[in-house]
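See below for the structure under consideration.
Values quoted throughout were computed directly from the atomic coordinates according to the rules given, and no laboratory measurement underlies them. Here the structure is a predicted model, which is why all the values come from computation and not from measurement. Don't worry about glycine lacking a Cβ; one is built from the backbone with ideal geometry, like all the others, and counts go over all protein chains shown.
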Number of protein chains: 2
Amino acid sequence: MNICNLLDIQLPLIQAPMAGVQGSALAIAVSNAGGLGSLPCAMLTAETLRSELDAIRAGTTKPFNVNFFCHTAPAICSTTEMAWRETLRPYYKELGIDPQTIAAGTERTPFNGRVADILEVFRPSVVSFHFGLPTPELLKRVKDFGAKVLSSATTVEEAVWLEIHGADAIIAQGLEAGGHRGMFLTDDLTTQMGTFALLPQIISRVQVPVIAAGGIADARGISAAMALGASGVQMGTAYLLAHEATTSSVHRQALKSSSATHTALTNLFSGRPARGIVNRVMQELGPMSVKAPAFPLASTAIAPLRAKAEAAASGEFSPLWAGQNTSGCVEASAAEITRALSQGFKAY
Amino acid sequence: MNICNLLDIQLPLIQAPMAGVQGSALAIAVSNAGGLGSLPCAMLTAETLRSELDAIRAGTTKPFNVNFFCHTAPAICSTTEMAWRETLRPYYKELGIDPQTIAAGTERTPFNGRVADILEVFRPSVVSFHFGLPTPELLKRVKDFGAKVLSSATTVEEAVWLEIHGADAIIAQGLEAGGHRGMFLTDDLTTQMGTFALLPQIISRVQVPVIAAGGIADARGISAAMALGASGVQMGTAYLLAHEATTSSVHRQALKSSSATHTALTNLFSGRPARGIVNRVMQELGPMSVKAPAFPLASTAIAPLRAKAEAAASGEFSPLWAGQNTSGCVEASAAEITRALSQGFKAY
């Protein structure tokens, strides 16, 4: 059983929502090509969310997915923040940044009532969450307007939890996946499994369809995931060089270079472990630092370094999110990429 | 192209050599069932190596594999050893062990000329290595008696290196795999990839056949690996509960319990990262400790704790090697296990 009926799509292929490197254009293109396009909404203001949803409605009549984070917003701790800025001080000095002038960080507000108000107007047919699920009241609002709900599990326990709490399908996010680990019942990285191990173990424990994510780069990878029993796949890295993605030029350059073969989980850019291409700041501070404030607070102090470095065409302070398998990254339209990937479903 | 012709076997399935949990009996059973049985030789004395090879010759006429480590033996550093024993001191006290009485550790001698002397008599048709390859002179001796040579790669760079240095086939050891990581060009754990990412990237860079390992638990996993382009698979965890394995009772018990779902890479038991089921000593010291002496020296000081605990039916100080996917572990004969797995090759 694949997810085509559940989500009313032609190909059981979800384009992974990727905050910071894509907007409505990529989602529209993938949905129009028969997959499920996704709009990453975690960093959008209410205004931008509305305009992006307007754009999608204008661009496609096909189903699409909107994605939100549902972490618990942490309290700001000035001691932690000061220690973090102290850790970064040599870089401020090197890049000529006055730490006194650092602006408030990009907002990453968890899914909330105001967002639900907006969604109730647009009624997207699929809503996906990262870091668990919102409160039962909020989840009910989403289900009440008819959306199917997806969320990511990084362990068998998380998958079981998601099924119990109402997910209509579960994304098994293998350790190979790029971007933020969706982990929400543990912060122990040793619990994180590769797709080969995670996917079948989740499938055997839940009744809802399971979507494979992590390390799938091409049609062959899709066939493998389906052979393991997946009901569909979610792929992000394969779309990073798509014409419709807004991936920055330093990010594109890194993806096309040999450095793309070495990624690591890092908490330096947001406070939560996320997989990106290893760059200077990850090498020098170590990819996982106890100094980084809780998600999403770590981003505030590192943002000006990123901006200054990127202005000089350097990605050494940027989150260069990517999965462990960038071999499928091609510069092409999302429709062409989706068409090539569709070959992977032939036998299924 | 699969490895059946190269290795003269019926099924492109290698039983992973697993030092400490199996001897000739398992190797014989798997070879007789059409796969390639393996004898782990890293911890055998010359005498035992000869008697085990005698046993295999008596038990099967089929090809089999003998496996050796080829690490560089480290110098013993008394400061490091003392610091390690100091770390373990609370456990010595708790278990009533006098650290003054600790015997020399189990030998893990790298492949050497004396071993080659023995192999030249028995002429096994396949010889596999872990941690790279032996010196060109030693490798030539192995090739000169007609053996095909295998070794494990944990990165694309290691695969390329192995091909250049004479491996006839390469085992792509994904991060999910149980036991020792075969890494030999790096000790940076962030370079280690899941099978979904590692396998296809190695395949695209080398000409020799690539064998998938890590996270493959059953026929479905085999199909997936073959779909990704593997020329065969190597599986160890699936044989841990086989009747012919010598897996200890605490190890079997752990594999059959829910704790088997949580493994981690640990250097506590040998000095090199190896994947095992998380137990008390891994939890309390952290699975990776900077205090552990270089491979294989860490094992000496922890061995008496293991022995004492196991005598009381506890595996809390034992290396409970296992991969991240223990869902395929069944108590059956190796022939039955192999027969069930053979279904995974049907389409290939």
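Points worth noting:
- Inter-copy separations for A:Thr186, label at 7 Å along Cα-Cβ, nm, ascending: 2.4
- Positive-end ranking of B:Met226, B:Gln201, B:Asn267 along the dipole of region B:198-280, with charges on Cβ about the Cα centre, is headed by B:Asn267.
- Of all the options A:Ala177, A:Ala292, A:Ala332, the one that moves most in a Gaussian network model of chain A with Cα springs shorter than 10 angstrom is A:Ala332.
- Residue mean of other protein chain beta carbons inside 10 Å, A:168-175: 2
- Distance in nm between pseudo-label sites at A:Arg339 and B:Arg89 (7 Å out along the Cβ direction from Cα): 7.1
- Ranked by how many other Cβ atoms sit within 10 Å of their own Cβ, fewest first, the residues B:Lys62, B:Lys140 fall in the order B:Lys140, B:Lys62.
- Computed packing ranks the peptides A:268-274, B:298-304 as A:268-274, B:298-304, most packed first, by mean other Cβ atoms within 10 Å.
- HN-Hα J in Hz across region A:49-61 - Karplus 6.51, -1.76, 1.60, θ = phi - 60°, x for Gly and Pro: 4, 4, 5, 5, 5, 4, 4, 5, 4, 6, x, 8, 9
- Kirkwood Rh, angstrom, region A:180-314 [1 / mean 1/r, Cα pairs]: 16.9
- Note, ³J(HN,Hα) from phi for region B:146-151, Karplus 6.51, -1.76, 1.60, rounded to Hz, x at Gly and Pro: x, 6, 7, 10, 10, 8
- Proximal charge balance of A:Val156 [Cβ under 12 Å; K/R count +1, D/E count -1]: -2
- Annotation: Cα Rg of chain B relative to the compact-globule expectation 2.2 N^0.38 Å equals 0.94.
- Inter-centroid distance (Cα atoms) of region A:46-64 relative to region B:32-94, Å: 61
- Each peptide among A:229-237, A:8-16 gets the average number of other Cβ atoms lying within 10 Å of its residues, and from highest to lowest they stand as A:229-237, A:8-16.
- Helical contribution to [θ] at 222 nm, DSSP H n ≥ 4, -39,500 (n - 2.57), averaged over chain B, rounded to 500: -10500 deg cm²/dmol
- By Cβ position, the chain B residue that hugs the axis carrying B onto A most closely, with its distance in whole Å, is B:Gly194, 1.
- Residue of A:Thr263, A:Thr101, A:Thr186 that the Gaussian network model of chain A assigns the largest fluctuation, springs spanning Cα pairs under 10 Å: A:Thr101
- Per the Debye calculation on region B:1-55 with a single equal scatterer at every Cα and no solvent contribution, log₁₀ I(q)/I(0) for q = 0.14 Å⁻¹ amounts to -0.38.
- For A:Ala169, nonlocal amide neighbours, meaning residues 5 or more places apart or on other chains whose placed amide H falls under 5 Å from its own, are A:Val149, A:Ser151.
- Residues B:Leu26, A:Leu88, sorted so that the one with the fewest Cβ neighbours within 10 Å comes first: A:Leu88, B:Leu26
- In region A:38-184, taking the dipole from charged Cβ atoms about the Cα centre, the farthest positive-side position among A:Ser38, A:Val127, A:Gly59 is held by A:Gly59.
- Using the Cα coordinates of region B:82-135, the gyration tensor eigenvalues translate into equivalent-ellipsoid semi-axes of 39, 13, 10 Å, sorted from longest to shortest.
- Among B:Thr135, B:Thr261, B:Thr326, residue whose mean-square fluctuation peaks in a GNM of chain B (springs only between Cα atoms under 10 Å): B:Thr135
- Residues of region B:7-51 with amide N under 14 Å of the 7 Å Cα→Cβ point at B:Val121: B:45-51
- Convex hull (Cα only) mean projected area of the protein assembly as shown, reported in nm² to one decimal: 30.2
- Expressed per residue, the C-alpha convex hull volume of region B:149-248 stands at 102 Å³.
- Which of A:Leu189, A:Leu53 has the fewest Cβ neighbours within 10 Å, and the rest in rising order: A:Leu189, A:Leu53
- Basic side chains Lys and Arg get +1 at the Cβ, acidic Asp and Glu get -1 at the Cβ, and with that the dipole of chain B about its Cα centre reaches some 260 debye.
- Each copy carries a label point for A:Glu47 at 7 Å from Cα toward Cβ; from one copy, the others' points are 8.4 nm away, ordered from shortest.
- About the Cα centre, charge dipole magnitude for the protein assembly as shown (Lys/Arg +1, Asp/Glu -1 at Cβ), debye: 340
- The spacing between region B:202-244 and region B:127-194, judged by their C-alpha centroids, is 15 Å.
- Close amide-amide hydrogen proximity is noted between A:Trp321 and A:Ile277, each under 5 Å apart and 5 or more residues distant or on a separate chain (H modeled in the peptide plane; Pro and chain starts excluded).
- Net charge dipole, region A:28-167: roughly 320 debye, given to the nearest 20, about the Cα centre with Cβ charges of +1 for Lys and Arg and -1 for Asp and Glu.
- Remark: spin-label model distance A:Val160-B:Ala312 equals 2.9 nm, labels positioned 7 Å along the Cα→Cβ axis.
- Under 5 Å, built H, 5+ apart or other chain: amide partners of B:Leu39: B:Asn65, B:Val66, B:Asn67
- Ignoring lysines fewer than eight residues from A:Lys308 along the same chain, the ones with Cα atoms less than 20 angstrom from its Cα are A:Lys93.
- Neighbouring partner chain Cβ atoms per residue of A:196-208, average, 10 Å criterion: 6
- Residue-wise HN-Hα coupling along region A:19-33, computed from phi with Karplus coefficients 6.51, -1.76, 1.60 (Hz; x: Gly, Pro): 4, x, 10, 6, x, 5, 4, 5, 4, 4, 4, 5, 4, 5, 8
- Calculated FRET value between B:Ala104 and B:Gln283, using beta carbons and R₀ = 25 Å, to 0.05: 0.35
- With its label point defined 7 Å out from Cα along the Cα-to-Cβ axis, A:Ala104 lies at 6.9 nm from the matching points of the other copies, in increasing order.
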